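Each value in this text was obtained by applying a stated rule to the coordinates, not by laboratory testing. A quick note: this is a predicted structure, and the numbers were derived from the prediction, not measured. Cβ coordinates were reconstructed from backbone atoms using ideal geometry, including for glycine residues, and neighbour counts include every protein chain displayed.
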Amino acid sequence: MRRVIVWRHGETEHNAGGIFQGHLDTELSEHGVRQAREASAVLAELGVGRLVASDLRRAAQTAGALADLTGLEVEPDERLREIHVGRWEGLTRAEVKARYPETQAALQRGEDVLRGETGERMADVAERTRRAFDDVTAQLPEHGVAVLASHGVASRALVSAVVGLDLRECAQALVGLRNCHWAELVEHPSGWRLETWNAGVGGPARTGAGRLTAP
């Protein structure tokens, strides 16, 4: 069986402050750096043969911690970037709620609307991240393991696309990946399946509550 680990980056100061990042190119906080190192020690034991990361620094830095242990090269791929949140970038959740009440209400109803007027929809993110996944798996050998270092919303969109979950159903069923936690996709004869969700250091795989942070 082939495996793909979809890994969310470590914590940033924006994550900790509840600030929307989207395509803002933020770096890991000191805590995020520690998270990346601790998670890398676990992932390095999986026999990873390929390491691909969003080109945004917080994901690239996270992947770099695993590269240091495995000797793998970090391959940048902008298709693994976080959802583009347009004019929400740099705003807190409270500010977005106050300034864009209609959009927030639509999201609460499960509608897939543009984020921040000029950003993306979840469907857009699912499409581009799935293309990145397909390119990686097209070259992944039998029993091969690849790690894709990405972001919270982008990771959920990717997983939903790969296993064939409706985006709305996926949002209802799966809480957001916590910082530096990951999902594990395993290939079966019938297709790719989600084997673990929100796995990480310090606890078992989770499908329940996890701390949600701004994308």
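Percent relative contact order of the chain, based on C-alpha pairs within less than 8 angstrom and at least six residues apart?
Values: 462 pairs, mean separation 65.5, N = 215.
After rounding, I find 30 percent.
I'd like the FRET efficiency for V201 and E102, computed as 1/(1 + (r/R0)^6) with the beta carbon distance as r and R0 of 45 Å, rounded to 0.05. Don't jump to the answer; show the numbers that get you there.
Details: r = 40 Å, r/R0 = 0.89.
The pair V201/E102 has a calculated efficiency of 0.65.
What GluC sites (Glu not before Pro) in the range 1-104 are in a loop by DSSP, with at most 16 other Cβ atoms within 10 Å of the Cβ?
Qualifying residues, ordered by number: E27, E73.
May I ask what percent, to the nearest 5, of DSSP beta bridges between residues of the range 41-191 are antiparallel?
10
Between the range 79-113 and the range 148-197, what's the alpha-carbon centroid distance in Å?
Spelled out, the Cα-based centre of one part sits 21 Å from the other.
Residue-wise, which Karplus ³J(HN,Hα) couplings in Hz belong to the range 12-26, taking 6.51 cos²θ - 1.76 cosθ + 1.60, θ = phi - 60°, and x for glycine or proline?
Working through the residues one at a time gives 10, 4, 5, 4, 4, x, x, 9, 5, 9, x, 8, 4, 8, 8 Hz.
Using a 10 Å Cβ count of at most 11 others and DSSP loop calls, identify the longest part of the chain lacking such trypsin sites (Lys or Arg not before Pro).
1-108
Suppose only helical runs count, i.e. DSSP H with n ≥ 4. What mean residue ellipticity at 222 nm does that imply for the chain under -39500 (n - 2.57) per run, divided by all residues and rounded to the nearest 500 deg cm²/dmol? Intermediate results must be reported in sequence, preceding the final value.
Working: 8 runs with 84 residues, N = 215.
The helix-only estimate for the chain comes to -11500 deg cm²/dmol at 222 nm.
Taking amide H positions as placed in the peptide plane 1.01 Å from N, state which residues far from G144 in sequence (5 or more) or on other chains have amide H under 5 Å from it.
It is R3, by chain and number.
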